[in-house]
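Read the structure below first, then the notes.
The values are calculated or read from the model by the stated rules, or taken from the named source; none is laboratory data. Bear in mind that the values here come from a model prediction, so they are computed numbers and not experimental data. Cβ placement follows ideal geometry from the backbone for every residue including glycine, while neighbour counts extend to all protein chains displayed.
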Amino acid sequence: MRASRGFTLAEVMIAVAVTAMIGSLVWTSFASGFKAKEMVEAEAEIYRELRVGMGRLVREISMAFISANYDPERFRDNQDRPTFFDGQSDEISFSMLGHQRLTRDAKESDQSIVFYRVERDPDEKGVESLRRCEKPVIDDEPDQCEGWETLLSDVEKLELRYWDNKRNEWVNEWSTRGNDHPNQLPDRVLIEVTKKNELGKPQKFVTQARINLVTPLGM
């Protein structure tokens with residue numbers, strides 16, 4: 001009888017090697033595609049968060065105001081007036097006309113006080129974030145605020161500068177509580193946020209907010 005023929009060991013080994021090489025090439029191609037997809041999604045998420053966070057900061061700064069309608073016997077100097085604008089190089093707090101009532105029949109108006117600063121995020125260990133707090137009722141303790149929330153996570157630095165029309169330059173501080181600008185708000189605020197990009201490297205993002213009401217309201 002004729003002996004049955006089959007594959008030799010060398011042929012089987014060559015076939016296995018070729019199959020493994022093709023599989024490796026296919027997997028490398030898929031892995032590169034998945035990695036690129038993850039990077040694009042991470043980048044999109046970072047920019048989405050920046051658009052929302054910085055857009056809110058710009059919108060609220062643009063609605064900052066101070067009022068000339070207060071009791072001069074009760075509030076005798078700039079330090080304790082109920083409405084104010086206090087901008088430092090790395091944090092800012094001010095009264096604004098952009099509050100939205102979320103509770104029906106709440107004893108609130110469109111006036112509130114908001115605070116922004118970079119600090120350690122209580123929800124993420126070892127991460128600093130841009131945090132926001134809003135005080136919906138302007139009272140006798142304008143510097144006290146509860147209910148801080150994270151606006152932008154993993155932020156390394158917040159830098160703020162204020163446009164001084166008289167000096168025609170950017171300044172690092174602006175406060176209506178002092179003697180330099182007791183009844184005047186800056187025309188513009190320059191906002192620079194340093195945040196890690198999708199590669200984990202610090203990247204600076206810059207925008208400006210133009211304040212609509214720079215002189216005190218009579219209401």
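Look at region 94-111 and say how many of its residues are of a type in the set (S, T, N, Q), farther than 16 Å from residue 216 by Cα and surrounded by 13 or more Cβ atoms within 10 Å (Cβ to Cβ).
0
Restricting attention to region 45-61, which residues are farther than 20 Å from residue 92 by Cβ and not β-branched (Val, Ile, Thr)?
The answer is 45, 47, 48.
Residue 117 - would you say it is in contact (Cβ under 8 Å) with a residue 12 or more places away in the chain and either farther than 30 Å from residue 69 by Cβ or in a strand (DSSP E or B) (or both)?
Judged against the criteria, residue 117 is a match.
Using beta carbons and a limit of 7 Å, which pairs, at least six apart or on different chains, have the first residue in region 141-159 and touching a residue at least 60 places away in the same chain (Cβ under 8 Å) and surrounded by 11 or more Cβ atoms within 10 Å (Cβ to Cβ) and the second one among the basic types (Lys, Arg) and in a strand (DSSP E or B)?
151/131; 151/132; 152/195
Under 6 Å between Cβ atoms, at least 6 apart or on separate chains: pull out the pairs that start in region 37-65 with a residue that is assigned to a helix (DSSP H, G or I) and end on any residue that is acidic (Asp, Glu) and surrounded by fewer than 18 Cβ atoms within 10 Å (Cβ to Cβ).
Filtered contacts from region 37-65: 39/198; 42/198; 43/198.
Quickly run through region 90-114 and pick out the residues that are assigned to a loop (DSSP other than H, G, I, E, B) and among the β-branched types (Val, Ile, Thr). Please lay out each step first, then the result.
Just the residues of region 90-114 that are assigned to a loop (DSSP other than H, G, I, E, B), to begin with: 90, 97-111.
Once the filter is applied, which keeps residues that are assigned to a loop (DSSP other than H, G, I, E, B) and among the β-branched types (Val, Ile, Thr), region 90-114 yields only 103.
Please work out which residue is nearest to residue 81 (Cα to Cα), limiting yourself to region 95-146 and to residues that are in contact with a Ser or Thr (Cβ under 6 Å, 6 or more places away or on another chain) and of a type in the set (S, T, N, Q).
Looking at the filtered set, the residue picked out is 95.
Determine if region 1-19 includes at least one residue that is modelled with pLDDT of 80 or more, within 52 Å of the chain's Cα centre (by Cα) and farther than 30 Å from residue 196 by Cβ.
Yes.
I'd like the full set of residues that are in contact (Cβ under 8 Å) with a residue 40 or more places away in the chain and more than 14 Å from residue 90 (Cβ to Cβ), limited to region 120-131.
Once the filter is applied, which keeps residues that are in contact (Cβ under 8 Å) with a residue 40 or more places away in the chain and more than 14 Å from residue 90 (Cβ to Cβ), region 120-131 yields nothing.
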